[in-house]
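The values are calculated or read from the model by the stated rules, or taken from the named source; none is laboratory data. Everything quoted here is computed from the prediction, not taken from an experiment. Note that each Cβ is placed from the backbone with ideal geometry, even for glycine, and that neighbours are counted across all protein chains shown.
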Amino acid sequence: MTLNDSAPTTSRQLGGPEELSPSRRDFLRSAGLTGAALALAGCGANRENDFGPTGLAGAVVDANGNATLDFSTDVGVLNYAYALEQLEAAFYVSVVTNAAFSSIFAANEQRVLQDVRDHEVAHRDFFAAALGAARIPNLTPVFTSINFANRLSVLQTARVFEDLGVSAYNGAARYLSRADYLGVAGKIVSVEARHASAIRDLLANRTGEFAPTAFDAANTPQAVLTAADPFILEVITVINA
Amino acid sequence: MSDSSNTPGALSPVDSDMAARIVSRRHAITRGATASGMVMAGLRLGSVPAALAALSSDAFGQGRLPTVVNGVLNFALRLEYLEAEFYNRGVAAANLIPAADRAIFTTIQAHENAHVEFLRTALGASARPKPTFDFTAGNGSGTGPFADVFTNYATFMAVAQAFEDTGVRAYKGQAPSLQPYKDILQAALTIHSVEARHAAEVRRLRGNFMDQEPNEGWVTNATTDIPGTAAVYAGEDNVMQLGIDVTTVTTVSRKEITESFDEPLTMAEVLAIVDPFIV
């Protein structure tokens with residue numbers, strides 16, 4: 001199934017896991033086909049990835065990959081989650097594949113980071129599959145400010161990303177209209193919180209830092225995207241939130 | 001955002017902005033209602049939940065919470081009472097928690113008590129009283145399977161883990177019921193994720209932070225090393241999400257996929273789990 005019930009069947013699942021991460025060129029090609037399909041269906045869609053029957057697309061992507069996500073649609077909200085999971089997954093893949101990984105992290109720390117990498121990749125791939133053709137294309141991470149050969153740089157960035165992820169899900173949940181989508185967001189946000197706790201504990205073991213407040217933040221998408229923007233080449237804009 | 005930011009809660013100023021936005025929207029829909037002193041006090045403290053708790057009273061009126069909200073919040077309150085008193089007693093117990101671990105449990109203790117206060121405030125006159133607890137899980141006999149819970153640190157940690165992992169699943173299971181009540185939903189979620197932080201910390205502490213199964217911060221399959229807690233972890237081995245078998249759309253192994261998604265419990269399932277702890 002896809003998350004966009006209005007998506008024409010011809011533009012649903014793009015394929016198996018290899019194709020879940022198409023290059024932008026691949027994306028534009030498939031999006032072009034989608035536009036053609038929508039035009040044939042008389043929907044008048046003329047923008048890439050504009051799947052809405054009346055122009056109320058959840059996610060509109062321009063030729064540079066910049067995305068506008070409409071929070072009045074579940075597709076928009078879920079693409080927001082997909083964007084953040086892409087960012088997290090790319091970060092941890094970079095962490096565990098860095099040549100210094102096994103020398104700068106103790107064995108238990110390596111296990112944490114490898115597990116978190118797996119979880120974020122699973123989240124990313126799940127959203128890609130669930131959104132199907134309604135998903136935004138691959139984002140381009142910008143990690144130049146991170147020193148992947150430095151333990152503290154990696155863990156402090158990880159802490160920022162995990163806390164940000166928790167606050168993002170907490171703040172976006174109110175915009176989901178379908179109960180099953182809210183349910184799956186809930187299944188993921190607590191895992192992000194478990195990550196945040198573990199990463200914070202690696203930075204400050206056996207302290208109260210794993211949970212600095214009794215109530216986690218619930219941040220607006222604008223605040224989250226402002227924080228995430230330096231790490232993503234494309235610009236993501238949220239409307240109707 | 002600086003990637004080397006060392007400031008916990010660096011995003012917290014946003015919370016006040018959000019609260020102000022909620023207040024103004026709430027005002028719009030309550031047709032001229034003025035914010036109560038508690039709302040303004042909450043905002044001055046920069047505390048969203050305090051403001052939201054007051055807002056829920058403002059919005060629905062004393063004793064007139066929608067039935068579903070009343071039911072869910074009292075359910076949550078029952079669990080928070082359980083957790084708060086558990087940590088209050090554990091922290092107060094002599095020779096139970098080693099000095100090196102006290103900060104962990106005083107932190108959790110403070111949070112659970114704050115959750116109780118929040119829910120009591122939100123519920124107002126509808127808040128149900130605190131039950132009497134038997135933390136041995138003996139239904140009041142004091143001789144249940146966790147009879148040494150306040151004298152044996154390993155037992156105390158095991159019960160703490162079971163409570164935290166149950167709490168995560170309990171809040172998660174109620175989110176769809178709160179969906180029409182956006183502010184309440186959001187407040188509940190900000191507690192839900194804190195319970196998950198607690199759960200991860202206690203799980204890792206039980207494994208002396210070696211992060212090896214079954215003492216990682218996340219739940220693998222439906223596995224538990226704590227006797228009598230199978231129901232706490234039942235169904236955590238699920239890999240079907242929104243009708244998708246996640247094992248078919250990623251290269252990540254099934255075991256790690258089960259860790260990637262925490263599963264909900266129904267209210268009835270949670271109440272059955274905690275029943276032996278309530279007299």
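Are any residues in the range A:78-103 over 22 Å from A:Asp163 (Cβ atoms) and β-branched (Val, Ile, Thr), and if so, which ones?
Within the range A:78-103, A:Thr97 is the sole residue that qualifies.
Counting only residues that are more than 22 Å from B:Ser193 (Cα to Cα) and either part of a loop (DSSP other than H, G, I, E, B) or within 14 Å of chain A (Cβ to nearest Cβ) (or both), how many does the range B:256-279 have?
Summing the residues that are more than 22 Å from B:Ser193 (Cα to Cα) and either part of a loop (DSSP other than H, G, I, E, B) or within 14 Å of chain A (Cβ to nearest Cβ) (or both) in the range B:256-279 gives 1.
Being at the interface with chain B (Cβ under 7 Å from one of its Cβ atoms), crowded, with 24+ Cβ neighbours inside 10 Å and over 18 Å from A:His119 (Cβ atoms), is that true of even one residue in the range A:200-209?
Scanning the range A:200-209 turns up no residue that is at the interface with chain B (Cβ under 7 Å from one of its Cβ atoms), crowded, with 24+ Cβ neighbours inside 10 Å and over 18 Å from A:His119 (Cβ atoms).
When B:Gln186 is evaluated against the numbered criteria (1) closer than 21 Å to B:Glu269 by Cα; (2) surrounded by fewer than 24 Cβ atoms within 10 Å (Cβ to Cβ); (3) facing another protein chain (nearest Cβ under 7 Å), which criterion, by number, is the only one it fails?
(1)
Please determine whether any residue of the range B:142-160 is over 20 Å from A:Gly165 (Cβ atoms), touching a residue at least 60 places away in the same chain (Cβ under 8 Å) and surrounded by fewer than 18 Cβ atoms within 10 Å (Cβ to Cβ).
yes
Are there any helices (runs of 4 or more DSSP H) wholly within the range A:17-119 with 1 or more residues that are at pLDDT below 95 and touching a Pro at 6+ places or on another chain (Cβ under 8 Å), and if so which?
Result: A:24-40.
Being of a type in the set (A, V, I, L, M, F, W, C) and touching a Pro at 6+ places or on another chain (Cβ under 8 Å) narrows it down to one of A:Leu233, A:Leu176, A:Leu202, A:Leu225, so name that one.
After ruling out the rest, the residue left standing is A:Leu233.
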